[in-house]
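**Q** I'd like to ask some things about the structure below.
The values are calculated or read from the model by the stated rules, or taken from the named source; none is laboratory data. Note that this is a predicted model, so its numbers are computed, not measured. No Cβ is skipped: glycine too gets one built from the backbone with ideal geometry, and neighbour counts run over all protein chains shown. Protein only, heavy atoms only, side chains kept; ligands, DNA and RNA dropped before computing areas. Shrake-Rupley method; radii C 1.70, N 1.55, O 1.52, S 1.80 Å.
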Number of protein chains: 4
Amino acid sequence: MPSYLLSVTCPDTVGIIHAFSGALLGIGANVLEQEQFSDTGTGLFFARTRFECDESDVAVVRAAVDEQTGRFDASVVLRPEDVRRRALIAVSQYDHCLRDLLYRWQAGELPLDIVGVVSNHDVCRPIADRYGLPFHLLPVTPDTKPEQEARLLDLVRDERVDLLVLARYMQILSDDVCRAMPGRIINIHHSFLPGFKGARPYHQAHARGVKLIGATAHFVTADLDEGPIIEQQVVRVGHAQTADDLAEIGRDVEQLVLSRAVRLWAQDRVFLNRERTVVFSS
Amino acid sequence: MPSYLLSVTCPDTVGIIHAFSGALLGIGANVLEQEQFSDTGTGLFFARTRFECDESDVAVVRAAVDEQTGRFDASVVLRPEDVRRRALIAVSQYDHCLRDLLYRWQAGELPLDIVGVVSNHDVCRPIADRYGLPFHLLPVTPDTKPEQEARLLDLVRDERVDLLVLARYMQILSDDVCRAMPGRIINIHHSFLPGFKGARPYHQAHARGVKLIGATAHFVTADLDEGPIIEQQVVRVGHAQTADDLAEIGRDVEQLVLSRAVRLWAQDRVFLNRERTVVFSS
Amino acid sequence: MPSYLLSVTCPDTVGIIHAFSGALLGIGANVLEQEQFSDTGTGLFFARTRFECDESDVAVVRAAVDEQTGRFDASVVLRPEDVRRRALIAVSQYDHCLRDLLYRWQAGELPLDIVGVVSNHDVCRPIADRYGLPFHLLPVTPDTKPEQEARLLDLVRDERVDLLVLARYMQILSDDVCRAMPGRIINIHHSFLPGFKGARPYHQAHARGVKLIGATAHFVTADLDEGPIIEQQVVRVGHAQTADDLAEIGRDVEQLVLSRAVRLWAQDRVFLNRERTVVFSS
Amino acid sequence: MPSYLLSVTCPDTVGIIHAFSGALLGIGANVLEQEQFSDTGTGLFFARTRFECDESDVAVVRAAVDEQTGRFDASVVLRPEDVRRRALIAVSQYDHCLRDLLYRWQAGELPLDIVGVVSNHDVCRPIADRYGLPFHLLPVTPDTKPEQEARLLDLVRDERVDLLVLARYMQILSDDVCRAMPGRIINIHHSFLPGFKGARPYHQAHARGVKLIGATAHFVTADLDEGPIIEQQVVRVGHAQTADDLAEIGRDVEQLVLSRAVRLWAQDRVFLNRERTVVFSS
C-alpha cells in the first residue's frame, strides 16, 4: 500500500486537525505517524502526517485533502514517501562531512536522492567518483562569483534540486541565491551558534576558553550565521586541548549534526517558523 | 476558559484520531497540544490531548467524547487540568530526592498535590514539617511488614493518593501493594538499569569500572527492578572516583531523573505499553 | 597524618616537577594526587599536589618547599587540607542556586566554610536562618552603590572571605570590587557563554531558536560576562518550549554548573591562565 | 628534538615520582605531559610521561630511567613517540567501525600504524583495498576454529601486531587467544555494559524499553563481555524507535567509542588495573 507524507502550515484556528483527519478518513487512509504544534507566539499551526492508503494517484489524494481544508489558507505539501527529495552537496576542501553524508546515504540512513557534488575545488572529486556521483567543479574568485552562482542555480534547476547541503562549503552565498531557495539550503557551522560566528570558530573558542564546543546546522538566509537553527550538539573539551585539537574533536560533532539535520529535512520533519524552526524529531 | 487533559489507549485501528477530534470539535474545543503513537509491536494506540473549551462541566465533555468514541474499546482518562493528581512520597533515610521534589513542588515545577510524606524512619520529619506536610511514620520489621503495608494502603485510600513516589524508599514492596497500584508507583533506582540491579549499585558500578553511571525512574511491579522504565540519565565518571564518590555524583542524577519522571506523570504524559512505556515528553 | 594541598604557577622551564617532588620527598611526604599542565601558548606551568606527611607545622613544610623551588619565580599556595576556604554567597531574589549550594554544603559535598549570605533583598533570609548562617542585608540603589559595595568589601575583610559566590546576584559589581578579588569571585551566568551575554538570556535563546541551552560559571572580571570560564553545561530544548520553560529547565543546569565550579575552586583545582582557566577536575 | 612516552606501573610507595623525574632531569628532558594515579584499592601506582630530550638513543634513555627506578619493581614501557604501535583490525560483515577507523587513521587522528584487516568474510576487502591495506581472509567454522585462530596468531606474530581491534568482529575468541594478548585486544560491544551482554543487544534494549542506548569499548578477556572497560557513551532513544532504529542510531556511538578507545590506547593512555582500567584522557 502506498504511503504519503503530508505537511501543513497555516494560521492556527479551531478544527484544523479534524478537517485533515476527516480528509484522510474519507480516502480510507491509515495514519502511521502524526505530530502537530501550535506556536502561540507566531500564531502558526504546523502538522506532519505519515499515512498509507489504497489510493495510488497522488492527485486524487491531494484533491481530497484540498476539498476538506481549503478554507484554512494552509500551505500544504503532499508527496508519496517513495518520491524522494533530491539533494546536491556543496563542499570545498574539508571532506569529512561529505564522506559522512555519502556513507550514511549508501547505508540507507538518508532517505533522499543525492544527485551530485559541487565544489569550488577539485580535491573531493575522487570521493564523488567512488559513489558514482557527478562532480561539478565550479571554481570561484571574487570577480567570477556572479557567474559561478548563476551556474550553481542552473545546476539546481537542471537537476531539480530540492535541497542544497553546504557540507563545509567555505563560500558565502549571495543574497540572491539565499532568497531563491528559502528553507532549502542547510549549512553546517562549526560552532555552537550564536557563539563564535564568522571565521575560525575553533580558534575563537580556544581563545575564549570554553569548556564545550559545538556545531550548528541551520537554514541559510541572507543574514550570515543567523538563519533558523535545525540542530545543535556539543562536546566537552578542556584546558589541555589546542585550537587544532578542537578542530579535530569538532569534526565528529559537525558530521553528526549535519547528517541529523539532513535526515530530518529529508523526512519532511523541519518547518520554518519565522526566525526559528519547528522540528518533529522521531 | 477551562482546560482539559484527555488520554486515550486502545487497540490501533482506522479513524480514532478523527473520532476524538470530532468529539472535541463538537464541543467547540481548541486543541492546545496533541501527541499520538501507534505501536506496531503491541498493536496499541496512545494519544494525549490538551484542549480548552467553554464547557466547564467535565461530565458533559466526557459524554461528548464517549459518544463519538465508544466503539473503539478505549481506555479514556479525562480531567480538568486544575484537578491535579495527588501524590504521596515515601522515603527512608537518604533525603536528597525528597528535598528536591519538595523544592520543585514549591517552585511550581511539579503540577500535582503532594499530600504527605511517609517513611519507615523518623529522620525526614523536619523536612516535611518545613513544607507543612503531614509526616506518617510507619516503621517496619520483617515481622510487621504485612501490617505496615496495610497501613500504607489505608493511607493511600484515605488520602485518595493517585501516585506513590518511592524517593529512595529502601523497602521492597510486596506483590500485593504492587498489584494494587499498577502504573501508580514510581521508583528511582540508583543505577542505569538493567545494569546493577539490587543492592549497592554504586559499589557494583565501581567494581565493574564503568565510565558512566546513571539512574532510572520506573514503574514498580512485582518483578524487582524490572518495571517499565520512564526516564534515565547518566553522568561520566573516571578511574579516580571511589564508590563513595560515585554515590555522591549519582545523587544529582537520581534527583533529576526522579523529578522528571514525576512531572511527566503529573502531566499525564506517561502510558503503560506492556513492559515498556510511551512517554510524550514536552 | 595531616594532608596538604600545594598549588604552583610559574613560567615553564626544566626541572620544576623534580624540584617540588624533591622538596616533598625531603619531608617524607606521600603524594596522594598530582596534576600538572604546561601551556605552550602562555608559557606557564601549573601544578596541584595533594600529599600527606608527619610534619604538622605548615611553616616547616612551606620552608622546605621554598628552599627547593625558590629559583622558579613561582606563585606557591600551600595549606593544610583541613584549613578550609571561607566563602560568602551573594544572592538577590532567585533562590535556587543558594538552596542548592547550602544543601550540598550541609551534605558534605562542598569542602569549604560558608560564612554567610549577603543580599540586596530580604527574601532569602529564612533560608540562611535555617542553616544557621548570618544573613547580611545590603540593599542597593544606583545612588548608594559605592557605599553598598564598600560595606560588601568590609564584610569580605571582616569575615576573611576567600571566595565570593554570585549565586544569581543580579547586580553588576564595579571594577573596583572585581579588581580587589581577582580569581576570587565566581558568577553563574544563565547562558552558554559567549552566547547571550547580558540580560534575559533565556528570552534571547528562545528568540534565536537554539536547540540547547546552558549555563556558565566564570570568574568575575571588570569585563562583564567575559571572565575566565570555569565550567559549562547544556541541556536540550525544543520548539515547544517557551522562554519561561527555558528558564525553568535552565535552573537545574545553573545549579549543577555553579556547585561544580565552587567545589573545584574549594579543592584548589582552578587556576587562572590569562583569559582562560586550567581546571584539574577529579 | 625526539619525544618519548614513558609508562610506569608499580606498587605504590614514597618517592616514585621523584625518582622518575630525577632520571628525566638527569638526561636533560623537558616534561611535556605527566599524569599519575594511585589506586588505594589495588595499591598500584600508574604514571604516564611525555617528554622530549636531546638524546636520540632510546637505550641510553632507558638505562637512565632504569638506574633511578630499578628498586620500585616497576613495569616500565618506554618508546620514542614516532615508533608507533602496530594495529590489526578484525571485522566481519558490518563495516561502519572499520570505515570510521580507516577514515580517522588517514586523517591523522589515530597515531598508530594499521598493518592490515582480517576478516572471516570477504565483504570488506574493497575497503581495505581502497586504503592500500592487506586484507586477510580467514573464514571460520566451528570445526576449523582452532586452525583459524592459529593463523590469526601467526599473523599477529608475523606483522608484529601490538593491538588487535575487534571492529564488530562477530566471533568469540578462544581463551588461548585472549590469554596470548592481555591488554592488547580491544572490542566494541554494542550496548552499555554490563547491560545487555551477549547477542542482539539492541533487540534486548528495545524489549526492555530503555531510554538511552550505548556502546562499550573494552579489553577482551576469557570472560565474555566482562573485560576491563576503556570507554563508554550513550545516546537518547524513545518509545517510537524500533529495534532496527536503535541499531542504526547505535552505529554512531559504536564508532565514536571504539575510535576513542583505540586512540587512547595508541597514545599509551590506557592501563590495566586488575578488572578495571586507568585512562589518562587528554
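**Q** So residue A:181 passes all but one of these: (1) over 16 Å from residue A:88 (Cα atoms); (2) hydrophobic (A, V, I, L, M, F, W, C); (3) open to solvent by less than 10 Å² (accessible area, probe 1.4 Å). Which condition number does it fail?
**A** (1)
**Q** Can you name the residue in the range B:86-114 that is over 21 Å from residue B:252 (Cα atoms) and buried (at least 20 other Cβ atoms within 10 Å of the Cβ) and, of all such residues, is nearest to the other protein chains (Cβ to nearest Cβ)?
**A** B:114
**Q** Got a number for residues in the range B:143-176 being in contact with a Gly (Cβ under 9 Å, 6 or more places away or on another chain) and not in a helix (DSSP H, G or I)?
**A** Looking only at that region, the number is 2.
**Q** Among the residues of the range B:197-211, how many are open to solvent by less than 30 Å² (accessible area, probe 1.4 Å), of a type outside the set (D, E, K, R) and within 16 Å of residue D:226 (Cα to Cα)?
**A** Of the residues in the range B:197-211, 3 are open to solvent by less than 30 Å² (accessible area, probe 1.4 Å), of a type outside the set (D, E, K, R) and within 16 Å of residue D:226 (Cα to Cα).
**Q** Read through the list (1) open to solvent by less than 20 Å² (accessible area, probe 1.4 Å); (2) farther than 28 Å from residue B:95 by Cα; (3) within 14 Å of chain B (Cβ to nearest Cβ), then give the number of the only condition that residue C:50 fails.
**A** Failed condition: (1).
**Q** So, one more: Quick one: in the range C:184-196, of everything that is touching a strand residue (DSSP E or B) at 6+ places or on another chain (Cβ under 7 Å) and not in a strand (DSSP E or B), which residue is surrounded by the most Cβ atoms within 10 Å (Cβ to Cβ)?
**A** C:192
**Q** Another question, if that's okay. Mind counting the residues in the range A:12-43 that are part of a helix (DSSP H, G or I) and of a type in the set (S, T, N, Q)?
**A** Result for the range A:12-43: 1.
**Q** Quick one: how many residues across the range D:180-216 are under 20 Å from the mean Cα position of the chain (by Cα) and either over 17 Å from residue D:232 (Cβ atoms) or of a type in the set (Phe, Trp, Tyr) (or both)?
**A** Total satisfying the criteria: 7.
**Q** Examine the range B:30-41 for a residue that is within 13 Å of chain A (Cβ to nearest Cβ), more than 22 Å from residue A:15 (Cα to Cα) and surrounded by fewer than 17 Cβ atoms within 10 Å (Cβ to Cβ), and state whether such a residue exists.
**A** Yes: the range B:30-41 contains one or more residues that are within 13 Å of chain A (Cβ to nearest Cβ), more than 22 Å from residue A:15 (Cα to Cα) and surrounded by fewer than 17 Cβ atoms within 10 Å (Cβ to Cβ).
**Q** Give just the number: which of (1) open to solvent by 20 Å² or more (accessible area, probe 1.4 Å); (2) outside any helix (DSSP H, G or I); (3) over 17 Å from residue A:21 (Cα atoms) does residue B:4 not satisfy?
**A** Of the numbered conditions (1) open to solvent by 20 Å² or more (accessible area, probe 1.4 Å); (2) outside any helix (DSSP H, G or I); (3) over 17 Å from residue A:21 (Cα atoms), the odd one out for residue B:4 is (1).
**Q** Something else about it: Name every residue in the range D:239-282 that is over 19 Å from the mean Cα position of the chain (by Cα) and either surrounded by fewer than 17 Cβ atoms within 10 Å (Cβ to Cβ) or not small (Gly, Ala, Ser) (or both), in order of residue number.
**A** Those that are over 19 Å from the mean Cα position of the chain (by Cα) and either surrounded by fewer than 17 Cβ atoms within 10 Å (Cβ to Cβ) or not small (Gly, Ala, Ser) (or both): D:239, D:240, D:241, D:242, D:243, D:244, D:245, D:246, D:248, D:249.
**Q** Continuing with the same structure: If you check every pair at least six apart or on different chains, which have Cβ atoms under 6 Å apart with a residue in the range D:245-267 that is under 25 Å from residue A:108 (Cα atoms) first and a residue that is part of a helix (DSSP H, G or I) and open to solvent by 40 Å² or more (accessible area, probe 1.4 Å) second?
**A** D:246/D:206
**Q** Still on this structure, please answer the following. Would a scan of the range C:219-229 turn up a residue that is at pLDDT below 95, in the same structural domain as residue C:97 (by TED's automatic domain parsing) and at positive phi?
**A** yes
**Q** Hand me the list of strands (runs of 3 or more DSSP E) wholly inside the range A:68-123 holding 3 or more residues that are over 15 Å from the mean Cα position of the chain (by Cα).
**A** A:75-80, A:112-119
**Q** Kindly provide the set of residues from the range C:8-23 that are open to solvent by 10 Å² or more (accessible area, probe 1.4 Å) and either within 25 Å of the chain's Cα centre (by Cα) or touching a residue at least 60 places away in the same chain (Cβ under 8 Å) (or both), ordered by number.
**A** Matches in the range C:8-23: C:9, C:11, C:12.
**Q** For the range B:24-35, indicate whether the set of residues that are out of contact with any strand residue (DSSP E or B) (no Cβ under 7 Å at 6 or more places or on another chain) and in contact (Cβ under 8 Å) with a residue 40 or more places away in the chain is non-empty.
**A** Yes, the conditions are met somewhere in the range B:24-35.
**Q** Let me ask something else about it. Quick check: anything in the range B:54-69 touching a strand residue (DSSP E or B) at 6+ places or on another chain (Cβ under 6 Å), away from chain A (no Cβ under 12 Å) and surrounded by fewer than 19 Cβ atoms within 10 Å (Cβ to Cβ)?
**A** yes
**Q** A follow-up question, please. Condition first: open to solvent by 20 Å² or more (accessible area, probe 1.4 Å) and either touching a residue at least 12 places away in the same chain (Cβ under 8 Å) or outside the structural domain of residue D:250 (by TED's automatic domain parsing) (or both). Now tell me which residues in the range D:158-168 satisfy that.
**A** D:159, D:160, D:162
**Q** Taking the condition over 24 Å from residue C:143 (Cα atoms), in contact with a helix residue (DSSP H, G or I) (Cβ under 8 Å, 6 or more places away or on another chain) and more than 9 Å from every other protein chain (Cβ to nearest Cβ), does residue C:153 pass?
**A** In short, no.
**Q** Go through A:116, A:41, A:15, A:26 for me and flag whichever is at positive phi and either modelled with pLDDT under 95 or outside the structural domain of residue A:267 (by TED's automatic domain parsing) (or both).
**A** A:15
**Q** Sticking with this structure for a sec: With the checklist (1) open to solvent by 60 Å² or more (accessible area, probe 1.4 Å); (2) among the hydroxyl-bearing types (Ser, Thr, Tyr); (3) within 14 Å of chain B (Cβ to nearest Cβ) in hand, flag the one item residue C:141 doesn't pass.
**A** (3)
**Q** All but one of (1) modelled with pLDDT under 95; (2) over 15 Å from the mean Cα position of the chain (by Cα); (3) more than 21 Å from residue A:276 (Cβ to Cβ) hold for residue C:177; which doesn't?
**A** (1)
**Q** Here's another thing I want to ask about it. When residues of the range D:132-142 are filtered for being touching a strand residue (DSSP E or B) at 6+ places or on another chain (Cβ under 8 Å) and not in a strand (DSSP E or B), how many remain?
**A** Final tally of qualifying residues: 3.
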